[in-house]
Amino acid sequence: VAVANNIAYIAQGNAVNILRIRFNPAAAPPAHEFADDGTNKADLLYTHYVGRTGSVVWRAINGSTMQVSKATATTWGTALVFGTAIPIGDTTFSITGMPDYDGELYVFKQDSVWMDIINTPKKLAVGLGTSPDENNGRASHALGLFLYFSYMASVERLYGSTLDDVGPWKGTGLPSGRAGKIVSMTSAYA
């Protein structure tokens, strides 16, 4: 789900159109409105806020090509217009996440982390290729100087090209029976 201009966009895979939803308080009675976003499709969506120029919606499409593309946020009656597709690596592993880190879009795949997406995507040499997993990068969150992300059943912390494993198994770890995959992150303190 990505939200821009009070519209929620829901990715439904590369065979079903993106669904958009808005709340219309002027309707009688006030109601939610639903519509396809034209014929646009996506496996993942992410809203990237670009300073005062507004927001863009990034989409990822997995399958025969692993690619991302962006569209400037629009108003309710207008479908997003995505620009040129940017390929991200080969088709062996799927795109799992697209966080904003240090003002730039990063793209996670099951086996890698990519940056400098707009210019020429660069694969970071952080060693994820030795353990590809469908959960790698699925959850991510930037906080201060660090980008935290899910890695198999753990959490990694990225700073530049330095990668540290930060748990949750460290210290006393999780209580018995509570281990599992990390699927979402948010800040407790900013």
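The values are calculated or read from the model by the stated rules, or taken from the named source; none is laboratory data. Not measured: the values here are computed from a predicted model. All Cβ positions, glycine included, derive from the backbone under ideal geometry; neighbour counts span all protein chains shown. These area figures cover heavy atoms from the full protein model, side chains too; ligands, DNA and RNA do not enter into them. Shrake-Rupley method; radii C 1.70, N 1.55, O 1.52, S 1.80 Å.
Values as computed for the structure displayed
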quantity	calculated
Residue in segment 39-61 that is surrounded by fewer than 16 Cβ atoms within 10 Å (Cβ to Cβ), aliphatic (A, V, I, L, M) and within 25 Å of Gly137 (Cβ to Cβ) present	yes
Residue, nearest to Glu104 (Cα to Cα), within segment 157-189, restricted to residues that are within 18 Å of the chain's Cα centre (by Cα) and either open to solvent by less than 60 Å² (accessible area, probe 1.4 Å) or of a type in the set (Phe, Trp, Tyr) (or both)	Leu158
Where a residue in segment 1-13 is free of Cβ contacts under 8 Å to residues at least 24 places away in the same chain and assigned to a strand (DSSP E or B) and its partner, wherever it lies, is open to solvent by 50 Å² or more (accessible area, probe 1.4 Å) and among the β-branched types (Val, Ile, Thr), with Cβ under 7 Å and at least six apart	Ala8/Val1
Spans of strands (runs of 3 or more DSSP E) in segment 98-156 with at least 1 residues at pLDDT below 95 and open to solvent by 20 Å² or more (accessible area, probe 1.4 Å)	112-115, 140-143, 146-151
Any hit, segment 73-90, residues being assigned to a strand (DSSP E or B) and under 18 Å from Ala2 (Cα atoms)	no
Residue among Val81, Val50, Val68 that alone is of a type in the set (Val, Ile, Thr) and over 30 Å from Leu163 (Cβ atoms)	Val81
